[in-house]
Amino acid sequence: MSDKARSDIVDTVKQTEDLKDTASLLASRICHDLISPIGAISNGMELLMMSGLPPSPELALIEESIANANARVRLFRLAFGSANASQRMARSDVLKLLRDCYGSSRTQVLWEPTADVSRIEAKIALLAVMCLEVALPAGGKIVLRCDRSNWQLQAYGEKIRFDPEAWSLLMPTTPVPTDIPASQVQFLLLRDALAKLGETALAGHSDSAVSLRYDI
């Protein structure tokens, strides 16, 4: 291989990494800008309730929708946004985020690690949860455990949907398709986040469960 060919490959890899970093920063910016107006709407609803506006099913639906939107934006900001290992995230904050996002859903998420984690650990764990969530179309339970640096996640449910093409995206050797659906982007993001650390996620499944394991 000529020196020019090697240089072209290096430049292509660098451009790809720059695009990934730009996408993370863009996700962080969008989520950051959305949180403020959603919070303002929530505050407005509280003021309306304090002014004596009688409760109604319509208001309850609006309140629930605002809470869900706020929780999902915070989830996306952490999972899709930029993060580094020097930033820490308290266990209580992770539990609150999961409770706000999944507390009223058909999927229960149990976070068993007892210590605080780095922001990159939380980001990768949430991406993994989003991958496992796809395998539970009828709902179920996702359990996260961490033994030192080894993370183990299991998803249980009465109905398991395991799409081999989607899960193959976790492997670094799998070519990235040009027509990947938006519902599977978390698989690529999980692969890329682990690849930056020199790690790969390993997945397995049965008729009643899907497992995911990786080291950080």
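Each reported figure results from applying straightforward, stated rules to the coordinates on display, with no laboratory input. This structure is a prediction, so every number in the text was calculated from the model and none was measured. All Cβ positions, glycine included, derive from the backbone under ideal geometry; neighbour counts span all protein chains shown.
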Checklist entry - In terms of modelled amide H atoms, which long-range or inter-chain residues lie less than 5 Å from the amide H of THR107? => result GLY140
Checklist outcome for this item: Calc'd 3J(HN,Hα), the range 82-93, phi into Karplus 6.51 cos²θ - 1.76 cosθ + 1.60 (θ = phi - 60°), Hz, glycine/Pro = x, comes to 6, 7, 9, 5, 6, 7, 10, 9, 5, 4, 4, 5
Checklist entry - So for the pair LEU61, LEU197, with labels modelled 7 Å out along Cα→Cβ, what separation do we get in nm? => result 4.2
Checklist outcome for this item: Sequence order, the range 36-52: Karplus ³J(HN,Hα) from phi using 6.51 cos²θ - 1.76 cosθ + 1.60, θ = phi - 60°, Hz rounded, Gly and Pro as x, gives 4, x, 5, x, 5, 5, 4, 5, x, 5, 4, 5, 4, 5, 5, 7, x
Checklist entry - Given H placed 1.01 Å from N in the peptide plane, which residues other than close sequence neighbours of ASP116 have an amide H under 5 Å from its amide H? => result ARG91
Checklist entry - With a sphere of radius 10 Å drawn around the Cβ of PRO113, what net charge do the other residues whose Cβ falls strictly inside it have (Lys, Arg +1; Asp, Glu -1)? => result -2
Item to check | Footprinting exposure proxy for CYS146, CYS101, CYS131 (fewest neighbouring C-beta atoms within 10 Å first) | outcome: CYS146, CYS101, CYS131
Item to check | Rounded, prolate or oblate (a/c below 1.5 giving rounded, otherwise prolate when a/b exceeds b/c) for the range 85-216 by Cα gyration tensor | outcome: oblate
Next on the checklist: I need the phi-derived Karplus couplings for the range 94-109: 6.51 cos²θ - 1.76 cosθ + 1.60, θ = phi - 60°, integer Hz, Gly and Pro marked x.
Outcome noted: 5, 4, 5, 4, 5, 5, 5, 7, 10, x, 10, 9, 7, 10, 9, 10
Checklist entry - Which parts of the range 190-216 would a label at ALA138 reach, counting a residue when its backbone N lies under 14 Å from a point 7 Å out along Cα-to-Cβ? => result 207-209
Item to check | Full-stretch length increase - SER105, ARG145 - with 0.36 nm per residue and alpha-carbon distance subtracted | outcome: 12.3 nm
Next on the checklist: From the mean inverse distance of alpha carbon pairs (Kirkwood) and the Cα radius of gyration, derive Rg over Rh for the range 75-124.
Outcome noted: 0.97
Item to check | Amide proton proximity set for THR200, modelled H, under 5 Å, gap of 5+ | outcome: ASP215
Checklist entry - If one computes the Cα centroid of the range 115-169 and of the range 54-71, what distance in Å separates the two points? => result 28
Next on the checklist: I'd like the antiparallel share, as a percent to the nearest 5, of DSSP beta bridges with both residues in the range 85-216.
Outcome noted: 80
